[in-house]
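Student: One structure, pasted below without further comment.
Please treat every number below as a calculation from the coordinates, not as lab data. Note that the structure is predicted; figures quoted are calculated from it, not measured. No Cβ is skipped: glycine too gets one built from the backbone with ideal geometry, and neighbour counts run over all protein chains shown.
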């Protein structure tokens, strides 16, 4: 696995430490995000590298996309804030009709998954490769594996990250599920 640069590791730890505090009931003080950039007419999108939740909207007159979101709180019309992997963003009026006011947090185990993704050189596969069936039944799993073999530094670890995100399970459970399948697809058995 590739070591994460210390600066990136610090950003990830700070984001997930804030996520953990918010989960425990902490309310970020206004001065923490009051001077953060404001995303106007925002909507939910999928981050192209991580394949996870991000936001898109107008920032300083330009259309922009945020880094992946770890926590957010919005009220009516989408006014609120978001904590991304790299910092705070103020939110002003959403264009997303599916917006529901309230608090959103990544699951507790997301920190481990994000760190593993960074170490594996994870790049999300295109949405059309998203499997819907079990590993043994859906041929798209093999296409996802080929994607990671071509793009990731550690393909089997990237596959476990993908599985954990798709199935919303902890990383050790994903490794247990994917590990044997990955090994079997690499072995070539001859019929006797």
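Student: State, to one decimal in nm, how far the label point of residue 187 lies from the label point of residue 45, with both points 7 Å from Cα in the Cβ direction.
Tutor: Computed distance between label sites residue 187 and residue 45 equals 4.4 nm.
Student: Which of the following values of Cα Rg over 2.2 N^0.38 Å was calculated from the structure shown: (i) 0.98; (ii) 2.61; (iii) 1.14?
Tutor: Looking at Cα Rg over 2.2 N^0.38 Å for this model, the match is (iii).
Student: Compute the separation of the alpha-carbon centres of segment 72-113 and segment 147-191 and state it in Å as a whole number.
Tutor: Between the Cα centres of segment 72-113 and segment 147-191 lies a distance of 30 Å.
Student: Can you tell me, using C-alpha contacts under 8 Å and at least 6 residues apart, the relative contact order of segment 6-105 as a whole percent?
Tutor: The value is 28 percent.
Student: How would you classify segment 1-74 from its alpha-carbon gyration tensor, with a ≥ b ≥ c the square roots of the eigenvalues: rounded for a/c under 1.5, else prolate if a/b is greater than b/c, otherwise oblate?
Tutor: Oblate, because a/c is 1.5 or more while a/b does not exceed b/c.
Student: Would you work out the relative contact order for the chain, in percent, from Cα pairs under 8 angstrom that are 6 or more residues apart?
Tutor: RCO, the chain: 18 percent.
Student: Quick check on the exposure proxy: order 55, 8 from fewest to most C-beta atoms within 10 angstrom.
Tutor: 8, 55
Student: I've got another one for you. What's the extension gain from residue 137 to residue 86 if we count 0.36 nm per residue and subtract their Cα-Cα distance?
Tutor: Length difference between fully extended and current span is 14.5 nm.
Student: On C-alpha positions alone, give me the angle between the axis of helix 140-151 and the longest principal axis of the chain, in degrees, nearest 10.
Tutor: For helix 140-151, the angle is close to 80 degrees.
Student: Would you mind classifying segment 1-40 by shape? Square roots of the alpha carbon gyration tensor eigenvalues, ordered a ≥ b ≥ c; an a/c under 1.5 is rounded, otherwise it is prolate if a/b is larger than b/c and oblate if not.
Tutor: Oblate, since a/c reaches 1.5 and b/c is not below a/b.
Student: On to the next question. Name the residue, out of 156, 128, 56, whose mean-square fluctuation peaks in a Gaussian network model built on the chain with Cα pairs under 10 Å.
Tutor: Judging by the Gaussian network model, the answer is 128.
Student: In a Gaussian network model over the chain where Cα atoms closer than 10 Å are linked, find which of 123, 168, 83 has the largest mean-square fluctuation.
Tutor: Answer for the Gaussian network model of the chain: 168.
Student: Taking only Cα atoms and a 10 Å spring cutoff, compute GNM fluctuations for the chain and point out the largest among 91, 73, 129.
Tutor: Looking only at 91, 73, 129, the largest GNM fluctuation is found for 129.
Student: At 7 Å along Cα-to-Cβ for each site, give me the label-to-label distance between residue 64 and residue 7 in nm.
Tutor: 1.8
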